[in-house]
Amino acid sequence: MRAQPQASHYIGGTFQESQSGTPFDSLYPATGEVIAQIKAADDAIINAAIQAAKEGQKTWAATPPAERGRVLRKAAEILREKNHELSVLETLDTGKPLQETLVADAASGADCLEYYGGLAATLAGEHIDLGGSFAFTKREPLGICFGIGAWNYPIQIACWKAAPALVCGNAMIFKPSEVTPLSALKLAEALSEAGLPDGVFNVIQGFGDVGAKMVAHPDISKVSLTGSVPTGAKVAALAGEHLKKTTLELGGKSPLIVFDDADIENAISAAINANFYSTGQICSNGTRVFVHSAIKEQFVSRLAERTSSAVLGDPLDETTNIGPLISKQQLDKVLFYMQVGQDEGARLVCGGSSAEVESFPDGYFVQPTVFADVTDDMRIAREEIFGPVLSVLDFDDEENVIARANDTAFGLAAGVFTRDIQRAHRVINQLQAGTCWINTYNLTPVEMPFGGYKKSGIGRENGHAAIEYYSQIKSVYVEMGGVEAAF
Ligand code: NAD
C-alpha cells in the first residue's frame with residue numbers, strides 16, 4: 001500500500017495501534033485503490049490519548065508563550081520543507097489535483113502555524129484601573145481540546161484547529177475524517193520534530209461514534225468540528241448536554257452577486273474558483289451565482305467556454321485542473337443533483353454527468369456543470385451539493401437580490417462583484433454571512449477570521465478571533481487598601 005502509516009494513531013509522541021477498533025480503508029479516489037488500512041480507536045486508545053494529553057498539557061501550559069510560538073514556527077518550516085511529499089499524500093487521500101495541493105493544503109497549514117507562532121508572544125490580558133486598587137485579566141488555556149475534521153482539506157483543517165489551540169497552551173486530540181485519515185499523522189510527526197512535548201498533539205482515528213465518545217468525555221473541555229450541518233447539530237446537542245465549549249464550521253449555499261458594471265472576466269474567474277476548485281468540495285463555495293440580467297447571456301456563454309477548457313484527469317499530473325470527487329457516495333450524490341436540476345427545469349449549459357477519464361475507469365469523476373435560469377425554489381439552489389455544480393440565477397434589482405441571497409438557512413460566505421465601491425459596501429453590509437469578498441471569492445488567508453452566520457456555524461477560526469475560542473479569561477481584583485465589612 002502506497003501510503004500506509006506506521007500505525008493508525010499518534011499518541012504521546014509515538015504511533016500506536018488499536019487492538020479492537022473497526023478497520024477501514026483509505027482509498028485513492030482516482031482509482032479506488034486502497035492506499036492505507038486503518039483501525040478506529042477503541043476505548044484503550046481513547047484512554048491513552050486522554051492520559052497523554054493531560055500530561056502533555058501540564059508541561060505545555062507552563063511553557064512560556066514565546067517558546068510555544070517558536071515550536072509552531074519550526075513546525076511550519078518542516079511542513080514547507082516536506083510540502084511536495086505532503087501534497088502527494090493529500091492528493092492520494094483526497095483525489096484533489098497536485099496543482100492545488102501543492103499550494104493550498106500543507107502550505108496553508110504552514111501559514112497557519114507560522115501566524116499563531118508569531119502571535120504567541122503577544123498573548124496578554126489587560127490592566128483595569130479601579131482607582132487605587134486594580135484588576136487584571138489573563139488568558140488561560142481551556143485544557144484538552146478535541147478537533148474533528150472533514151475530508152476536503154484534511155491537513156489544513158488540522159492546522160486551523162491545532163495552531164490556535166496549542167498557542168494558547170491547550171493540548172489537542174484530533175480525529176480526522178475517516179475518509180482522509182493520513183495527513184494529520186504527518187502533522188503530528190512534524191510537531192514532535194519541531195520540539196512539541198509529547199502528548200500535546202495527538203491523533204486518533206475513527207467514525208462518528210469515536211467522535212461522539214470524545215465529545216462526551218469528561219476530560220475534554222472544548223470541541224471544534226468542521227463538518228456538515230446535520231453533524232454540527234448532533235455535536236452541538238451532545239456538547240451542550242455536557243456543557244462543553246464548541247466551535248462549529250459547517251456547510252453553506254453561499255451567494256455570489258455579479259452586477260452589470262462588474263469586470264466580467266474577473267467575475268467569471270471568481271465563479272470558477274467558487275464552484276470548481278477542489279472539484280466543488282468547499283464549504284464556502286458561491287454556488288448561487290446571481291448575475292444581472294443585462295450581462296447574463298454574455299456571462300453564461302463565456303463561463304461555459306472557460307469551463308469546457310478545464311483539464312480533468314490524473315490528479316498527480318500537475319497540469320490537471322480537476323480531479324475526482326472524494327468517494328462513490330459523493331459521486332452518487334452529485335449525479336443525483338445534476339439530474340434534479342434538469343428535472344426541475346433549469347437550463348443545462350455544460351456538464352451534467354459523470355466524466356470518462358482515460359486510464360482512470362474507476363475514478364469518481366464528474367463534469368464541471370453549469371445550470372442557468374435557476375430559480376430560488378429549486379433544490380439545486382437551496383441544498384448544499386458539495387460538488388462542481390454552479391447555478392446561475394438572474395436579477396435586476398439590488399434590494400431584491402440581497403433579500404434572495406439571504407433567503408437561506410445557511411450563512412457561511414458571500415461575494416459581490418461591482419466597480420461601484422459604495423454599492424459593494426452597501427450590499428456586503430446587508431448580506432447575512434460570516435465571510436465576505438468584494439471583487440474576488442474564496443480567498444481565506446489565515447489572518448482573516450473565518451466562520452458562519454446562521455446554521456453555518458458557531459465561533460470563528462483564524463485571525464485573532466480564534467484566540468477567543470481557545471482560551472478563557474481570568475479576572476483578578478487586587479485590593480490595595482483595607483477591606484470594609486458591614487459588621
Ligand atoms: P461530516 O459532517 O459527515 O463529518 C465531519 C466529521 O464529523 C468526520 O470526522 C466525522 O467522522 C465526524 N462525525 C460524524 N458524526 C459525528 C458525531 N455524531 N459526533 C462526532 N463526530 C462526528 O462532514 P464531511 O462529509 O466530512 O465534510 C463535508 C461537510 O463539511 C460539508 O457540509 C462542508 O460544507 C463542511 N465543511 C465545512 C467547512 C467550514 O470551515 N465551514 C470546511 C470544510 C467542510
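Derivation of every value follows stated rules applied to the coordinates shown; laboratory data play no part. Predicted model, so just to flag it, every value in this text is computed and none were measured. With ideal geometry, Cβ positions are generated from the backbone for all residues, glycine too; neighbour counts draw on all protein chains shown.
Here are a few things to note about the model shown:
- 5 Å binning of all Cα-Cα separations within the stretch 89-215, expressed as whole percents from 0 upward: 2, 10, 18, 20, 17, 12, 7, 5, 4, 3, 2, 1, 0
- Ellipticity at 222 nm from helices only: DSSP H runs of n ≥ 4 in the chain, each -39500 (n - 2.57), divided by the residue count, give -11500 deg cm²/dmol.
- Binning the C-alpha pair distances of the stretch 355-487 at 5 Å intervals from 0 yields a P(r) profile of 2, 7, 12, 15, 15, 12, 9, 8, 5, 4, 3, 3, 2, 2, 1, 1, 0, 0 %, listed from the shortest bin outward.
- As an equivalent ellipsoid, the stretch 193-329 spans semi-axes of 40, 21, 14 angstrom, where each value is the square root of five times an eigenvalue of the C-alpha gyration tensor, largest first.
- Taking each of 213/244; 96/296; 39/455 in turn, the alpha-carbon distance tops 24 angstrom for 96/296; 39/455.
- Cα-based reach from residue 454 at 20 Å (exclusive), listing aspartates and glutamates while leaving out same-chain residues under 8 positions away: 249, 376, 377, 383, 384, 407, 468
- Inter-centroid distance (Cα atoms) of the stretch 267-335 relative to the stretch 82-103, Å: 19 Å
- The base-10 log of I(q)/I(0) for the chain, evaluated at q = 0.06 Å⁻¹, reads -0.28 [Debye formula, identical scatterers on Cα atoms, solvent excluded].
- Contact order normalised by residue count of the stretch 1-129, Cα under 8 Å, 6+ apart, percent: 23 percent
- For the listed peptides 355-361, 477-483, 273-279, a ranking on the average number of other beta carbons within 10 Å per residue, highest first, reads 273-279, 355-361, 477-483.
- The mean sequence separation of alpha-carbon pairs under 8 Å and at least six residues apart, normalised by the residue count of the chain, gives a relative contact order of 18 percent.
- Between the amide H of residue 288 and those of 254, 256, distances stay under 5 Å, these residues lying 5 or more places away or on another chain, with hydrogens modeled in the peptide plane.
- Note on residue 58: lysines with a C-alpha under 19 Å away, same-chain residues under 8 apart excluded, are 138, 222, 474.
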